[in-house]
1. When residue 254 is evaluated against the numbered criteria (1) more than 14 Å from the ligand (Cβ to nearest atom); (2) touching a Pro at 6+ places or on another chain (Cβ under 9 Å); (3) not in a helix (DSSP H, G or I), which criterion, by number, is the only one it fails?
2. Return the total of residues in region 197-219 being within 14 Å of the ligand (Cβ to nearest atom), of a type outside the set (S, T, N, Q) and surrounded by 16 or more Cβ atoms within 10 Å (Cβ to Cβ).
3. Yes or no: residue 222 exposed (fewer than 15 other Cβ atoms within 10 Å of the Cβ), in the same structural domain as residue 260 (by TED's automatic domain parsing) and within 16 Å of the ligand (Cβ to nearest atom)?
4. Right, residue 61: among the β-branched types (Val, Ile, Thr), under 30 Å from residue 497 (Cβ atoms) and either modelled with pLDDT of 95 or more or in contact with a strand residue (DSSP E or B) (Cβ under 6 Å, 6 or more places away or on another chain) (or both) or not?
5. Determine which member of the set 187, 144 is surrounded by fewer than 17 Cβ atoms within 10 Å (Cβ to Cβ) and either within 15 Å of the ligand (Cβ to nearest atom) or among the acidic types (Asp, Glu) (or both).
6. Name the residues in region 411-440 that are of a type outside the set (S, T, N, Q) and under 22 Å from the mean Cα position of the chain (by Cα), would you?
7. Report, by residue number, each residue of region 279-292 that is away from the ligand (no atom under 16 Å from the Cβ) and either assigned to a loop (DSSP other than H, G, I, E, B) or touching a helix residue (DSSP H, G or I) at 6+ places or on another chain (Cβ under 6 Å) (or both).
8. Go through (1) polar (S, T, N, Q); (2) touching a helix residue (DSSP H, G or I) at 6+ places or on another chain (Cβ under 6 Å); (3) over 18 Å from residue 484 (Cβ atoms) one by one and return the number of the condition residue 417 breaks.
Amino acid sequence: MNSTAYADLQQPLQDVLTHPQTACGDIFHQGAVPEYTQAMAGATNLVVKFLQRNRKPFSGVASTDLKAAFAALDFDTPLPDMESLLQEVDELYVQHATAFHLPAYIAHLNCPVVIPAVAAEVLIAAINSSQDTWDQSAGGTLMEQKLINWTAREIGFSPAADGVFTAGGSQSNLMGLLLARDYYAAEYAGHNIKQAGLPADAGRYRIFLSEMAHFSNQKNAALLGLGEQALVKIKTDSRFRMDAAELEAAIERELRAGNIPIAVVATAGTTDFGNVDPLADIARLAAKYGLWYHIDAAYGCGLLLTDKYRHLLNGMEQAHSVTVDYHKSFFQPISGSAFIVRDKKFLQLLRMHVDYLNPKDEDYDDLNQINKTVTQSTRRFDALKLWCTLRLMGRQKLGAYTETIIETAEKAAEMISLDPALELLSDSDMGVLLFRYAPDHLPPADLCEINRAIKKALFNSGEVLVASTRVNGSFYLKFTILNPLTTPGDIRRILDIIKQQGAACTAAPVK
Ligand SMILES: *Cc1c(COP(=O)(O)O)cnc(C)c1O
């Protein structure tokens with residue numbers, strides 16, 4: 001169609017759409033440009049206030065106080081204007097929201113976000129494409145596919161690879177275990193689980209993973225009808241990485257017991273230690289025993305972009321499927337994750353046709369992404385954030401951020417191990433460190449309680465937010481360093497605060 005004919009066709013439609021009777025200031029449409037612009041400016045202003053005002057990562061508000069502020073509100077009497085709305089949101093939410101961008105936030109796997117991705121969120125929300133079918137997204141589908149192909153190439157997969165953006169690592173891991181289960185049944189027993197349900201011997205299916213693997217695997221095994229009993233936890237080495245010899249012994253043990261090993265899940269970047277399982281050794285065992293090989297690189301995917309540390313992921317290219325969380329290690333706003341398979345044929349196990357959405361005779365050259373998802377139909381265009389990030393900043397800059405983070409973590413580990421008042425549990429391949437306040441004069445039996453008190457006091461003051469976990473029954477404080485702007489000086493300051501708090505807690509234990 002030439003452009004004149006196109007303009008003619010557009011005209012009557014324009015008239016209908018801009019008819020005064022349809023004008024409405026709160027529906028996003030061309031009659032609401034002033035309202036849209038004003039609302040966006042107000043929201044941006046509030047964000048700027050958040051940046052300029054916050055000096056500590058948490059206000060320290062007590063949940064009882066915040067709950068009281070909610071009690072009086074109802075939805076039947078709307079606020080008079082956008083300004084009052086933003087003021088209320090500020091008081092109820094923004095003032096107490098955890099500020100992940102500050103160096104004193106060093107708790108969980110929350111990265112600071114990059115600005116091109118934040119700008120992309122504006123487009124994602126307003127244009128509101130849905131990524132399930134080509135007819136709801138067009139260019140968005142191609143952007144997503146190109147980013148999936150790029151990620152697959154970084155992993156080391158051939159052009160036969162494929163994948164899809166998901167809401168997070170837990171969901172991507174679910175897809176990994178689902179394919180492992182269905183692939184085994186189809187390939188080795190000619191049984192179609194999607195249609196026929198679980199086979200009689202599914203109770204004997206076994207999935208191997210380290211004792212440090214993410215808890216989502218447990219939830220997922222339960223959801224898949226295999227039960228947590230299907231998971232065989234493999235012991236870890238001195239750095240809390242899966243021990244490959246223990247893995248082989250466990251596979252042999254399960255075979256002797258008459259069980260059916262179907263998959264192994266390796267973790268590239270454990271949540272509690274930031275360490276990478278021996279991916280190549282595990283690949284060899286997966287091949288030897290015919291197991292599906294899933295790698296959970298929700299956190300470790302950041303290593304893909306570094307030249308210096310990329311070797312830690314060697315062997316990843318032999319996986320059947322991989323989880324990557326762009327919202328953990330690519331500085332993306334939540335949500336942004338992907339599930340990638342080595343060969344697109346594996347995704348055929350998920351395919352399902354619905355007459356109203358993706359009928360068989362209307363597959364738009366196989367561009368309906370819904371053919372690749374399990375637990376999502378309508379789906380956000382999260383890919384645009386990564387697109388804007390990579391096009392503006394490039395792979396190298398993201399990789400350099402990850403290298404800076406790893407170097408800061410190395411220095412932090414050194415500071416902790418040289419400090420007589422602190423005890424480091426393990427070094428990290430990435431940026432997670434477990435340690436505790438443990439000066440010589442304190443009885444070992446008191447350490448758990450004192451470190452718990454330190455964490456609680458820090459949280460209540462909001463000055464420094466650290467995480468914690470238990471290892472072999474003992475309580476440890478946890479640093480997750482994910483901010484390239486955090487300096488060794490910041491770490492020094494945080495450690496000093498922890499020690500001061502430790503001394504205070506020892507003098508008068510916090511209840
Ligand atoms: C965070 C994490 C997950 C879960 O990812 P979500 O995006 O939080 O659902 C899975 N595995 C590992 C190793 C993680 O660190």
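1. Of everything listed in (1) more than 14 Å from the ligand (Cβ to nearest atom); (2) touching a Pro at 6+ places or on another chain (Cβ under 9 Å); (3) not in a helix (DSSP H, G or I), residue 254 misses just condition (3).
2. Here is the first cut: in region 197-219, the ones within 14 Å of the ligand (Cβ to nearest atom) are 209-219.
Cutting the leftovers down to of a type outside the set (S, T, N, Q) gives us 209, 211-215, 219.
Within this subset, residues satisfying the condition of being surrounded by 16 or more Cβ atoms within 10 Å (Cβ to Cβ) are 209, 212-214.
Here the count works out to 4.
3. When the stated conditions are applied, residue 222 passes them.
4. Answer is no for this residue.
5. Within the list 187, 144, the selection yields 187.
6. 429, 430, 431, 432, 433, 434
7. Across region 279-292, the qualifying residues are 281, 283, 285, 289, 290, 291, 292.
8. Failing condition for residue 417: (2).
The values are calculated or read from the model by the stated rules, or taken from the named source; none is laboratory data. A quick note: this is a predicted structure, and the numbers were derived from the prediction, not measured. Glycine gets a Cβ as well: all are built from the backbone with ideal geometry, and neighbour counts include every protein chain shown.
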